[in-house]
Amino acid sequence: MQLTEAFIYRVKTTGPLKTTKGSPAGERLYWTVSEAELDGPKIKAKLAGSDWMWVSDDGFWRPDVRAPFTTDDGETILMHYTGLVQQTDAFKKAAEADQQTDWSDQYMRLMIRFETGAERYRWLNQWLFIAKGRLLGTGRIEYAVMRVA
C-alpha cells in the first residue's frame, strides 16, 4: 500500500455553539465553517457547510462532517469524513493563542469519502482518502489529504 498526496484541505471555523451535554446521544460541539477549500493539481473547490464534533472524556474529539463543495468549473462534490482530534496541551495552547501547531503536536486524522457525478472528478469516487491535520491558528485547520493506492 502506498500513500500519494492528493490535495490540501483548509478550513476556517467559528464557534463552537453551546454543547449538547446531557443529550441522550452524547455531547457534541457544533462549529460553523465559514470558509474551506480543496487545493491540488487536479481539483480546486470552495465550501460552505458545518462541522459536528463528538466530545468524549478520553481527550479526543470525533468529527462527523458532511460538506458540499463547488469546484472552480461549477461542479458539485460532496465530502463526508470522520476521524480523531487529540486535545493535547500543545493543541489547546495554540488554539487559545491563535498560533500554528506542527503536524506532530496532536493526533488529528481523518477518513474521507467523496461523491460526485462529474466525469472530471470521478476519481474522487474511486479512491480511499486519509488525512493528517494541524492548526493554522484559532479556528483555522489544514489537512494534508493522501490517496490510498
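Among the residues of the stretch 70-86, some residue qualifies, meaning at least one is among the aliphatic types (A, V, I, L, M), assigned to a strand (DSSP E or B) and either touching a residue at least 60 places away in the same chain (Cβ under 8 Å) or out of contact with any Lys or Arg (no Cβ under 8 Å at 6 or more places or on another chain) (or both). Given the criteria within 17 Å of Asp39 (Cβ to Cβ) and either over 13 Å from the mean Cα position of the chain (by Cα) or modelled with pLDDT under 95 (or both), does Leu124 qualify? So Leu124 fits the description; yes. Among the conditions (1) surrounded by 13 or more Cβ atoms within 10 Å (Cβ to Cβ); (2) modelled with pLDDT of 95 or more; (3) closer than 19 Å to Glu5 by Cβ; (4) not hydroxyl-bearing (Ser, Thr, Tyr), Asp102 misses just one, which is (1). Scanning the stretch 59-70 for residues that are surrounded by 14 or more Cβ atoms within 10 Å (Cβ to Cβ) and small (Gly, Ala, Ser) gives a single hit, Ala67.
So that you can scan it fast, the table gives a plain yes or no per residue for (1) on the phi < 0 side of the Ramachandran plot; (2) touching a Cys at 6+ places or on another chain (Cβ under 7 Å); (3) among the polar types (S, T, N, Q); (4) surrounded by fewer than 18 Cβ atoms within 10 Å (Cβ to Cβ):
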{"position": "Ile43", "(1), (2), (3), (4)": "yes, no, no, no"}
{"position": "Asp57", "(1), (2), (3), (4)": "yes, no, no, yes"}
{"position": "Asp72", "(1), (2), (3), (4)": "yes, no, no, yes"}
{"position": "Thr82", "(1), (2), (3), (4)": "yes, no, yes, yes"}
{"position": "Tyr107", "(1), (2), (3), (4)": "yes, no, no, yes"}
{"position": "Met111", "(1), (2), (3), (4)": "yes, no, no, yes"}
{"position": "Ala118", "(1), (2), (3), (4)": "yes, no, no, yes"}
{"position": "Ala144", "(1), (2), (3), (4)": "yes, no, no, yes"}
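The values are calculated or read from the model by the stated rules, or taken from the named source; none is laboratory data. Quick caveat, the model's predicted, so the values are computed rather than measured. So basically every Cβ, Gly included, is an ideal-geometry build from the backbone, and we count neighbours across all protein chains shown.
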